[in-house]
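The values are calculated or read from the model by the stated rules, or taken from the named source; none is laboratory data. Nothing here was measured: the structure is a model prediction, and the numbers come from that model. Note: ideal-geometry Cβ built from the backbone for every residue, glycine included; neighbour counts use all protein chains shown.
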Amino acid sequence: MQLEINSNNEIIAYLVCGGIDGIELVKYGGAIPDNFEENFKPSFYLLKNNEIVLNPNYIEPTPPKSAGGPTTEQQMINQLGLQVANLTAEVNQLKGGVSNV
């Protein structure tokens with residue numbers, strides 16, 4: 001197993017086989033805690049004295065909270081929808097149709 005370790009000795013990634021160019025990995029051949037792969041999250045484990053141990057300082061990251069309003073992408077989609085509706089109404093007027101806007 002190869003481990004990617006940050007400056008705090010936290011394990012932020014691991015590889016069972018192979019490698020990744022440009023990333024410094026530490027080869028590890030010691031005991032692996034039960035359910036390591038199932039429980040793995042970046043920084044959840046430390047490499048301490050050449051052993052994988054739970055990180056006592058681990059804090060579960062919290063997802064960013066929404067401000068409650070529409071996102072920028074949603075606002076842009078809404079504006080595009082309004083533009084399509086307006087253009088459709090103009091096309092219908094030019095064709096002699098009825099406008100619903």
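Taken over region 43-70, residues that are within 12 Å of LEU3 (Cα to Cα), modelled with pLDDT of 95 or more and assigned to a loop (DSSP other than H, G, I, E, B) amount to 1. Note on region 42-86: residues that are of a type in the set (Val, Ile, Thr) and touching a residue at least 24 places away in the same chain (Cβ under 8 Å) amount to 1.
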